[in-house]
Amino acid sequence: MTTDIGLWGVPLAIIGGAIRVSTPFLFVSLGECLTERSGRINLGLEGTLVFGAMSGYATAYLTGSPWLGVLAAAICGFGFGLVHGWICALPRVNDIAVGIALMLFGMGLAFFFGKPFIQPVAPDLPTINLGAWSDIPQIQAALKINVLFIIGIVLAVTMAWMFRNTQLGLTIRVVGDSDAAARAMGLKTNRIRFLSTACGGALAGIGGAYLSLYYPGSWNEGLSSGQGLMAVALVIFARWNPLNCFWAALLFGGAGALGPALQSIGITQGYYLFYAAPYVLTLALLIATSSPSKALTGAPGALSITR
Amino acid sequence: MPLDSPLLQHLARRSEAIAIPLIALAAGFILFALFLLLQGQSPANYFALVYKAGFGTAFSWQNTLTRASPLILAALCVALPARLGLIVIGGEGAIVLGGVAASAFAMFFPGATGLVGLLLMGASAAAMGALWIGLIGLMRYGRGVNETISSLLMAYIGVALMNHLVEGPLRDPSSLNKPATYPLSAEQRLGSLPGLDIHWGLVIGIVSCFLVWILMTYTRWGFSARVAGGNVRAAQVQGLPVGILIVGFTALGGAFAGLAGMVEVAAVHGTANASLASGYGYTGILVAFLARHNPLVIIPVAVLLGGFEAANGLVQRRMDLPDATVLVLQGFVFISILISETLYGRIRLFNPEHWKITPATMRENS
């Protein structure tokens, strides 16, 4: 049954889409936030995301359990993070270039192993229907919330609390702000960066599993188109604050939902231009929030991207 | 020759920059061979097939060199900004838009044929690419926007813009299944080298590399760029026009990537369509890094990687491997070349100052 609600369908579809589309942004940006707070940049999360999507989908298909798929994606992401962390800890290695290499490598590996899983159908992640009170199907569809989205919100709040109030958070922040200070405090900077990078990778892997196991909900080679990279840019916009990452992820999700929402009411002209909206938004935000002369507020001091 | 001979020491220092990348390349191949073994495939079989389909016959050389030319031009789009310390990875966007610009030129000026027409078509493609990548330099200089992220975003925007133009305003209504622009007429196309089945794009690529090499080695601009790449603040104190350098070098790199798109349209596809986004821009990143951003070394490296790409189809059919096999190989090589950066200055063989460490010299130095 469909109720005609006219143009109201567009904002509704954007809100619903924002919730659906934002989850991978949220997980990847939280992972990147953790990594960058420890003073390292990982541009390769796009590759981690794609590999997480493939490994999650394959595991869910083979075991029949989507949650095992999420776990597998997290483990694979952790592995990519370990590799990135290990290579970047070598002297004179450029962490931005390593990120690019791992991005291309992760995508290549995912396409290599993912070939047999393009056809089969894996089970989806469960959802919670927050829109059950309404009898308008569009509202029900918009408020169908995936469990991972809620886990992501909890994670963002927990991470913000951790950075502010726990010893672990303080340790990561010190390592990220100044090598010298961290060493003077007797902290093992390399080990902390290594583990932060690995955990960040695990989060990006979960973001990928969401893509293949819930929305769009299948595995193919065009599944991700830069979500991982946009999430990295989003962290700069969110000023390395996990709570801001959540709001920024919602904003990006809304931009990503613009094209399909307009298409749903019959506007197909310039579909590809609407499809580019999230990239343009990211670029506009980067231009607006970067600064040519001074370091960015909130930026970890040891981060190579802001120097 | 005695150990303190200046010639020997010079040779040792110079050979470091050749030996380490070769070691890294070999290490990448070995890692990939191990990967194939883990898949139950024979690495020997793989490399034999690559040799056969990439370098074994005249036909395979033609195939390889045809793929090498866009790779050369795409690698220049990485190597030029790299001289300023910028990592630009969005060449793909300039390639696809350069291709669209070339096909739009051919559509609006059907009378422009022959050498003049091709030059104008190339100029429009180069201008489009220069605009696209130059904007990245402008954002970097004017607003401090990280060029790596912005260039990749611009690549996604570029591909979306190409799809929009190819399926909308510039579409040839008779292209049904695969939307494309109007095909170029025979007089508008870029032909083959005399007596060979290799198009002129290869010559364009090689000449471009030599021009860039001259620019880098023998001109004031190349020297200024190297100073600015070493230390931006020092260059500014010296009064070097850092802004012009950044925008100029990124734009020039983009111009070459745009030319790659024009070559693909005018010599290979005959129209602009979605096949333009076939990943040359991304493989070009690896070519530039393997060549350590040296424009002359880009040529052989592009030929090598072009050969692997040319052989991919045969490998796929004969060994029943996915088409992403070549991406995995490139990933291994890319990672090992970056890890090898850590070896510079640490191998005793290449560093004459460490050759004769005796208690006496150590006392002298301390």
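The values are calculated or read from the model by the stated rules, or taken from the named source; none is laboratory data. Model, not experiment: these values are computed from the prediction. So basically every Cβ, Gly included, is an ideal-geometry build from the backbone, and we count neighbours across all protein chains shown. Note: accessible area is taken over every heavy atom of the protein model, side chains too, but ligands, DNA and RNA are not part of it. Shrake-Rupley method; radii C 1.70, N 1.55, O 1.52, S 1.80 Å.
Please work out if A:PHE105 is under 30 Å from B:GLU341 (Cβ atoms), open to solvent by 10 Å² or more (accessible area, probe 1.4 Å) and within 14 Å of chain B (Cβ to nearest Cβ). Considered against the rule, which asks whether it is under 30 Å from B:GLU341 (Cβ atoms), open to solvent by 10 Å² or more (accessible area, probe 1.4 Å) and within 14 Å of chain B (Cβ to nearest Cβ), A:PHE105 comes out as yes. Please indicate, with yes or no, whether at least one residue in segment A:134-142 is closer than 30 Å to A:PRO11 by Cα and either in contact with a strand residue (DSSP E or B) (Cβ under 7 Å, 6 or more places away or on another chain) or within 14 Å of chain B (Cβ to nearest Cβ) (or both). Within segment A:134-142, one or more residues are closer than 30 Å to A:PRO11 by Cα and either in contact with a strand residue (DSSP E or B) (Cβ under 7 Å, 6 or more places away or on another chain) or within 14 Å of chain B (Cβ to nearest Cβ) (or both). Has segment B:273-289 got at least one residue that is modelled with pLDDT under 95, more than 26 Å from B:GLY99 (Cα to Cα) and surrounded by fewer than 23 Cβ atoms within 10 Å (Cβ to Cβ)? Checked segment B:273-289: no residue is modelled with pLDDT under 95, more than 26 Å from B:GLY99 (Cα to Cα) and surrounded by fewer than 23 Cβ atoms within 10 Å (Cβ to Cβ).
Taking segment A:79-93 only, how many residues are more than 7 Å from chain B (Cβ to nearest Cβ) and open to solvent by 10 Å² or more (accessible area, probe 1.4 Å)? Steps first, answer last, please.
Start the filter on segment A:79-93 by keeping residues that are more than 7 Å from chain B (Cβ to nearest Cβ), which leaves A:79-86, A:88-89.
Subset that is open to solvent by 10 Å² or more (accessible area, probe 1.4 Å): A:79-80, A:82-83, A:86, A:88-89.
The number of residues fulfilling the criteria is 7.
Note on segment B:227-248: residues that are open to solvent by 60 Å² or more (accessible area, probe 1.4 Å) and modelled with pLDDT of 90 or more amount to 1. Count of segment B:309-331 residues, restricted to those that are within 7 Å of chain A (Cβ to nearest Cβ) and in a helix (DSSP H, G or I), is 5. Restricting attention to segment B:184-213, the residues being under 18 Å from B:ALA125 (Cβ atoms), in contact (Cβ under 8 Å) with a residue 40 or more places away in the chain and open to solvent by 80 Å² or more (accessible area, probe 1.4 Å) number 3. For segment B:37-54, which residues satisfy the criterion of being at negative phi and either out of contact with any Leu (no Cβ under 9 Å at 6 or more places or on another chain) or not in a helix (DSSP H, G or I) (or both)? Scanning segment B:37-54 gives B:LEU37, B:LEU38, B:GLN39, B:GLN41, B:SER42, B:ALA44, B:PHE47, B:ALA48, B:TYR51.
Do we find that B:MET139 is over 23 Å from the mean Cα position of the chain (by Cα) and either away from every other protein chain (no Cβ under 14 Å) or within 30 Å of A:PRO292 (Cα to Cα) (or both) in this structure? Steps first, please.
Values: over 23 Å from the mean Cα position of the chain (by Cα): no; either away from every other protein chain (no Cβ under 14 Å) or within 30 Å of A:PRO292 (Cα to Cα) (or both): yes.
When the stated conditions are applied, B:MET139 does not pass them.
Answer yes or no: is there a residue in segment A:256-271 that is under 30 Å from A:ASN165 (Cα atoms) and either crowded, with 22+ Cβ neighbours inside 10 Å or under 11 Å from the mean Cα position of the chain (by Cα) (or both). No; the residues of segment A:256-271 include none that is under 30 Å from A:ASN165 (Cα atoms) and either crowded, with 22+ Cβ neighbours inside 10 Å or under 11 Å from the mean Cα position of the chain (by Cα) (or both).
Within segment A:244-273, can you find the residues that are facing another protein chain (nearest Cβ under 9 Å) and part of a helix (DSSP H, G or I)? Full working, then the answer.
Of the residues in segment A:244-273, the ones facing another protein chain (nearest Cβ under 9 Å) are A:269-273.
Answer for segment A:244-273, where residues must be facing another protein chain (nearest Cβ under 9 Å) and part of a helix (DSSP H, G or I): A:TYR271, A:TYR272, A:LEU273.
Counting only residues that are at pLDDT below 95 and more than 18 Å from B:PHE47 (Cα to Cα), segment B:295-315 holds 0 of them.
Check segment B:146-153 and report whether any residue there is within 14 Å of another protein chain (Cβ to nearest Cβ), free of Cβ contacts under 8 Å to residues at least 12 places away in the same chain and in a helix (DSSP H, G or I). Talk me through it step by step, then tell me what you get.
First, the residues of segment B:146-153 that are within 14 Å of another protein chain (Cβ to nearest Cβ): B:146-153.
Next, only the ones that are free of Cβ contacts under 8 Å to residues at least 12 places away in the same chain stay: B:146, B:149.
Still in the list and also in a helix (DSSP H, G or I): B:149.
Yes, some residue in segment B:146-153 is within 14 Å of another protein chain (Cβ to nearest Cβ), free of Cβ contacts under 8 Å to residues at least 12 places away in the same chain and in a helix (DSSP H, G or I).
For A:ALA277, are the conditions met, namely being small (Gly, Ala, Ser), within 14 Å of chain B (Cβ to nearest Cβ), touching a helix residue (DSSP H, G or I) at 6+ places or on another chain (Cβ under 9 Å) and open to solvent by 40 Å² or more (accessible area, probe 1.4 Å)? Considered against the rule, which asks whether it is small (Gly, Ala, Ser), within 14 Å of chain B (Cβ to nearest Cβ), touching a helix residue (DSSP H, G or I) at 6+ places or on another chain (Cβ under 9 Å) and open to solvent by 40 Å² or more (accessible area, probe 1.4 Å), A:ALA277 comes out as no.
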